[in-house]
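One structure is given below, encoded as C-alpha cells.
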Amino acid sequence: MTTNDIAVGAELAERSRLADGKKTRMGMIYAVLAAPALGLAFGLLSSIVTAPPFNLEAPTGAFALVAVLQVPFGVFAIGVFLAVSGTWRDAVRVLGHRVSWWNLFVAVGGFVGDLCFAAASGLIGGALAGSIGGLAGVVGAVIGAALYRERILRPTTLLGLAALAVGIWLAVSGGSISAPTQGVYFAVGLLIIVVAVLTWGFESFAISAGTDLMPAEGFLWWRAFLELLLANTLLFLLFPTGRHIAYLAWSDPRLVAIGAVIGFGWAIWMIMGFYIGISYAGAVRGGVLTNTLAFFFIAFFSLTVYGAPFSVIVIVGSIATVIGAMLIVTEPKSYLARQRN
Amino acid sequence: MKPAPKYQAAMTLYHLGNRGIWEHRLFGVLRQHYRDSELSGLREDLIGMSTVGWLDTLEQREHRGQILRFYRLAESARPLIAYQLNLTTYLPSDLSTAGTLIESGMR
C-alpha cells in the first residue's frame, strides 16, 4: 500500500465518520418532529380519562381507554405503514429466532408504561404526568450509556441534570394545586408516573438495543401488536367493569373518533420518534429528544387546548426539563461522530 | 420461511468468517434469494451493525461518489449471532463471488 493509498483511506474514513454524524443528526430531527404527535394524542387521552364512561371505576377506565381505543387504532396505523412501505414481510420474518423474544419484552415494558401514564393522569392530571413522564428519555439514555459504554458525562450534562431537577420540582409544586386529586391519591399518582418513567425508560433503551439486530419495522409491529393482545386479554379476563366500559366507549361514535386521534397520534410518534429517531440516533440522543419533547407537548397541550387549569409554573417547569435534556444531548457534529464510533 | 434480509446478511457474514466481504458483493449474494426492493435497507443495516461494533470495516473505497466498505464479522460478535439467530434458517448461497480483500472488487 503506497502513502497515497493510506491518505485516500484516511480521507474516506473521515468522510464516513462525518456521514454517520449527519445520520445521527437526522435521527435527532425526526425525534424532535415526532414529539407534537404524542402531545396531541396523550394530552387528549389524559383529558378524557376523567370523563364518562372512563370514570366508572379507577384504574379500570384508564386501562380500557388504552386497551380498546388507543392501541387498536395505533396497531391499525402501524399496519398501514408496513403495507405502504412494503416492509410487512419483515414482521413475519423476524420470528423463529431467539432474538424475537425481545419483542415481547419491549411490548410488556411499553404496555405497563402506557397503562401507568393513563392511570396517573387520572390522579395528578395530564399536565403534570406529561412533564414528569419526559424523564423516561433520560432514564433510557442512562441505561443505554451504561450498557454501551457511551460517554455522555460532560460539564453540560451536569448542568442539564440540574435543570431537570429544577423543572420537575417546579412542575410538581405548581401542578399539585390544580391536580384532580389531593393528598394520598396525588402521592399515589406521582408514584405511578415514576413507575411509568422507569418502564418507558427501559423500553426506550430496549428498542435501541433491539433495532441493532432486528429490522426496525418488524420490531415496531410486534411492539404494538403484542401490547394489543396483552392489554385486551388482561382487561377482558380480569376486569368485569372493563368490558362494560369498552362497550360504552365503542357505542359512542364521538369516543371512537377520539380514540382514532389518540391511536394515530401515538402511532406517528412511534414510527418517527421511536423507530426512525432511535434507530438512527440511538437511545441516548434519539430517545432523550423524542421522550422529553413529546412529554413537554403533553403538558403544554393539556394546559392550553385541552383545558386543564392553566399553570405558568408547570409550563416553566416543563421548559426547564426540555432545556435540561437539550444540554445533555446537544453537541458538535464532529464530537458526535467520534462518540458514536 | 425466509429469514429477514438483515438476518440473512448477518448469517452470511458469519459463514464467511475471517474472509469478510465487500458490501456490494454481499448485496449480490443476497440477490440470489431476495428481490432488489427488499434489499434497499441493507447498506443502512450494515452501517448500524458496524456502529455498535459487530462488524469490522477493513477497507473503504470510493465508487462514483459512494463509499463502499469491506466488512468482516467481529470475532466478539460471533457468539452473539450464533446464539440470537437460528442458523438453520440460513439460505445456502453461492459465496464464490464473495471476493477477497486483496482483489478490490470493482476494478
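Assorted remarks:
- Whether region B:5-92 is rounded, prolate or oblate, judged on the alpha carbon gyration tensor where a/c under 1.5 counts as rounded: oblate
- Residue A:48 sits among other residues whose Cβ lies under 14 Å from its own Cβ, and their net charge, with Lys and Arg +1 and Asp and Glu -1, is 0.
- Charge-dipole axis of region A:211-337 as Lys and Arg at +1 and Asp and Glu at -1 on Cβ define it, positive-most pick from A:308, A:290, A:214: A:308
- Residue-wise HN-Hα coupling along region A:35-46, computed from phi with Karplus coefficients 6.51, -1.76, 1.60 (Hz; x: Gly, Pro): 4, x, 4, 6, x, 4, 5, 6, x, 5, 4, 6
- Evaluating 6.51 cos²θ - 1.76 cosθ + 1.60 at θ = phi - 60° for every residue in region A:126-131, the Karplus couplings come out as x, 4, 6, 4, x, 5 Hz, glycine and proline recorded as x.
- Residues with amide H under 5 Å from that of residue B:55, placed H, sequence gap 5 or more: B:50, B:74
- Proximal aspartates and glutamates to residue A:23, defined as alpha-carbon separation beneath 16 angstrom and excluding residues fewer than eight positions away on the same chain: A:14, A:212, A:331, B:44, B:45
- Of A:128, A:228, A:56, the residue with the greatest mean-square motion in the GNM of chain A, using alpha carbon springs below 10 Å, is A:56.
- Rounded to the nearest 20 debye, dipole of chain B from Cβ charges on Lys, Arg, Asp, Glu: 120
- Springs join every pair of Cα atoms under 10 Å in this Gaussian network model of chain B, and among B:26, B:58, B:13 the largest mean-square fluctuation is at B:58.
- Annotation note: trypsin sites (Lys or Arg not before Pro) in region A:144-238 located in DSSP loop regions with a Cβ neighbour count of at most 10 within 10 Å are A:149, A:151.
- Under the criterion of Cα pairs below 8 Å and six or more residues apart, the relative contact order for chain A equals 41 percent.
- Scanning residues 5 or more positions from residue B:22 or on other chains, those with amide H under 5 Å from its amide H are B:71, with H placed 1.01 Å from N in the peptide plane.
- Residues in region A:284-304 reached by a label modelled at residue A:194 [backbone nitrogen below 14 Å; 7 Å Cα→Cβ]: none
- Cβ-defined net charge surrounding residue A:229, 15 Å radius [Lys, Arg +1; Asp, Glu -1]: -1
- Stokes-Einstein translational diffusion, region A:259-323 - Kirkwood Rh over all Cα pairs, 1.002 mPa s, 20 °C, in µm²/s: 168
- Descending semi-axes in Å of the protein assembly as shown, equivalent ellipsoid built from Cα gyration tensor: 43, 26, 16
- Taking chain B as a Gaussian network of alpha-carbon nodes connected by springs under 10 Å, the highest mean-square fluctuation of the residues B:43, B:69, B:35 belongs to B:35.
- Couplings 3J(HN,Hα) of region A:255-263, computed from phi: 5, 5, 5, 4, x, 5, 4, 4, x Hz, in residue order, whole Hz [Karplus 6.51 cos²θ - 1.76 cosθ + 1.60, θ = phi - 60°; x for Gly and Pro].
No value in this document is a laboratory result; all are computed from the given coordinates. Keep in mind it's a predicted model, so treat the numbers as computed, not measured. Methodologically, a virtual Cβ is constructed for each residue, glycine included, from the backbone with ideal geometry; neighbour enumeration extends over all protein chains shown.
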